[in-house]
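Here is the structure we will look at.
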Amino acid sequence: ISVKTQINNALNIIKFKKLVVFSNPREENSIIVVSSLVKLGKDLGFEIIPLYAPTLKILKRHLSDLENKNIVADAVYLPTDSFIVSNSKLIASVLNKLKIKSIGAIRDYIDNGIMMGTVVDYYKLGKKAALILHKHKNGQKLQNIPIKFPDNVNIVINKKTYKLMDFKIDDEFLNNINFE
């Protein structure tokens, strides 16, 4: 799911001017996401505060900086980054304690306490991939099979975290959200 879609959906639910992004500079996809967010922030009028965390020690220092208000954020975004995913329970616990709204790029984040995310149903996505593989195995050349993008995206909100944040979502968006 594109970063633009994720952020636009988040902006419909929460308002922010300063968005912290935790990422691991050792993962190329994270660097690309941060750069996309910087451009998107300029276009949509919010500031990106990248917090690079290649180690647990550095991640904990960044979380401490948030706790001590050395870094001020309205919200935090977590990209698809294996190091950040593996530490998402820790991140969520600190953000929730500080009542900082959080946005995650994958379902695991929401399951681990991050407040919300626009996520894909990997089961349905896997079925689409299997269909492409089936066509290819039956002789169709890959270049002749159209590229498929996820069309089964959901805005998911962690109900417990949402209640903790103590804010209301505009009625016009409630029908598009899954509370879990």
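The values are calculated or read from the model by the stated rules, or taken from the named source; none is laboratory data. Treat the numbers as computed from the prediction; the structure is a model and nothing was measured. Heads up, the Cβs are rebuilt from the backbone with ideal geometry, glycines too, and the neighbour counts pull from every protein chain shown. For the accessible areas, the whole protein counts, side chains as well, though only heavy atoms, and no ligand, DNA or RNA atoms are used. Shrake-Rupley method; radii C 1.70, N 1.55, O 1.52, S 1.80 Å.
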Could you pull out the residue among Ile84, Ile14, Ile31 that is closer than 30 Å to Asp171 by Cβ and either within 17 Å of the chain's Cα centre (by Cα) or among the polar types (S, T, N, Q) (or both)? Ile14
Output the number of residues of segment 1-36 satisfying the condition of being part of a loop (DSSP other than H, G, I, E, B) and among the aliphatic types (A, V, I, L, M). 2
Test result for Phe22, out of contact with any Phe, Trp or Tyr (no Cβ under 7 Å at 6 or more places or on another chain) and at pLDDT 95 or above: yes
Looking across segment 45-57 at residues that are among the β-branched types (Val, Ile, Thr) and open to solvent by less than 40 Å² (accessible area, probe 1.4 Å), the single one that is nearest to Pro25 (Cα to Cα) is Ile49
Expected output for segment 36-59 (first residue under 22 Å from Ile1 (Cβ atoms), partner of a type in the set (Phe, Trp, Tyr) and assigned to a loop (DSSP other than H, G, I, E, B), Cβ below 7 Å, 6+ apart or cross-chain) is Phe46/Phe16
Only one of (1) over 17 Å from the mean Cα position of the chain (by Cα); (2) assigned to a helix (DSSP H, G or I); (3) exposed (fewer than 14 other Cβ atoms within 10 Å of the Cβ); (4) among the charged types (D, E, K, R) is not met by Lys39, so which one is it? (1)
Filtered residue count, segment 148-175, keeping only those that are within 20 Å of Tyr123 (Cβ to Cβ) and either basic (Lys, Arg) or loosely packed, with under 13 Cβ neighbours inside 10 Å (or both): 3
Quick one: in segment 63-77, which of the residues that are out of contact with any Ser or Thr (no Cβ under 8 Å at 6 or more places or on another chain) and among the small types (Gly, Ala, Ser) is surrounded by the most Cβ atoms within 10 Å (Cβ to Cβ)? Ala73
Mind counting the residues in segment 134-164 that are over 30 Å from Ile110 (Cα atoms) and either out of contact with any helix residue (DSSP H, G or I) (no Cβ under 7 Å at 6 or more places or on another chain) or of a type outside the set (A, V, I, L, M, F, W, C) (or both)? 11
Heads up, the strands (runs of 3 or more DSSP E) in segment 68-180 (entirely inside) with at least 3 residues that are of a type outside the set (S, T, N, Q) and in contact (Cβ under 8 Å) with a residue 12 or more places away in the chain are 75-78, 101-104, 116-120, 153-157
